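Taking it in order: structure first as structure tokens, then the write-up.
The values are calculated or read from the model by the stated rules, or taken from the named source; none is laboratory data. Note that this is a predicted model, so its numbers are computed, not measured. As a convention, Cβ positions derive from the backbone with ideal geometry for all residues, glycine included, and neighbour counts pool all protein chains shown.
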């Protein structure tokens, strides 16, 4: 199972881009990178996922290095509501067809006014 | 939008009680999951189910059982609650196994206190 490493915490100024790094040096060729976030007292929320190409949606952008050993989640214009714990997850294939996800400790992003 | 509903936000039970945590999803998802979340330990998978009446153990199944009699409902059962089961419990569901289908949608969580 590929493991991920993220910084424990980061700060970002409101309105600036937040760049959250993740290392997954043991990722295998068919494993995807998923990002979720968890705002205080809520369940985790899906943000974005990718295999090897950069991805963008209405919430964020995901940049994956060419060797796929690391990735960066970018929140282009962080707001106070983006303060949360951000989880970088590499998909593990479980039995049946569930695709079990393993959540690590995540990065606590504090957006400051 | 997918909705995953957990029956209680807060629950207080006594040691030795049998506890049922209920989870319902409204999107006809195949897969459902139960996690617990504790400070410093992150989310840990207790059990998951990939079909009605099917279940598989996650990383920490001891002291728990599950039931999935209908596709939309996944129940977590604490046969005899203990204080070390005080935790936040999160239910999730996903459509299937393909990358886009594997997105898990979470409920708001149930904070269980066992006294």
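General remarks:
Every residue, every condition in (1) modelled with pLDDT of 95 or more; (2) away from chain B (no Cβ under 13 Å); (3) under 26 Å from residue B:107 (Cα atoms), yes or no:
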| residue | (1), (2), (3) |
| --- | --- |
| A:41 | no, no, yes |
| A:51 | no, no, no |
| A:61 | yes, yes, yes |
| A:65 | yes, yes, no |
| A:72 | yes, yes, no |
| A:76 | yes, yes, no |
| A:79 | yes, yes, yes |
| A:82 | yes, yes, yes |
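- So residue A:34, is it within 11 Å of chain B (Cβ to nearest Cβ), free of Cβ contacts under 8 Å to residues at least 40 places away in the same chain and within 26 Å of residue A:80 (Cβ to Cβ): no
- Residue in segment B:17-39 that is surrounded by fewer than 19 Cβ atoms within 10 Å (Cβ to Cβ), closer than 20 Å to residue A:104 by Cα and at the interface with chain A (Cβ under 8 Å from one of its Cβ atoms) present: no
Each row is one residue, and each column tells you yes or no for (1) free of Cβ contacts under 8 Å to residues at least 12 places away in the same chain; (2) in a loop (DSSP other than H, G, I, E, B); (3) within 14 Å of another protein chain (Cβ to nearest Cβ); (4) within 26 Å of residue B:16 (Cα to Cα).
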residue	(1), (2), (3), (4)
B:59	no, yes, yes, yes
B:63	no, yes, no, yes
B:66	no, no, yes, yes
B:69	no, no, no, yes
B:77	no, no, no, yes
B:89	no, no, yes, yes
B:93	no, no, yes, no
B:108	no, yes, yes, yes
B:113	no, no, no, yes
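- Residue B:113 vs. criteria more than 30 Å from residue A:48 (Cβ to Cβ) and either crowded, with 20+ Cβ neighbours inside 10 Å or at pLDDT 95 or above (or both): yes
- Number of positions in segment B:40-57 that are assigned to a loop (DSSP other than H, G, I, E, B) and either in contact with a helix residue (DSSP H, G or I) (Cβ under 8 Å, 6 or more places away or on another chain) or within 12 Å of another protein chain (Cβ to nearest Cβ) (or both): 2
- Residue, farthest from residue A:55 (Cα to Cα), within segment A:9-36, restricted to residues that are modelled with pLDDT of 95 or more and part of a loop (DSSP other than H, G, I, E, B): A:14
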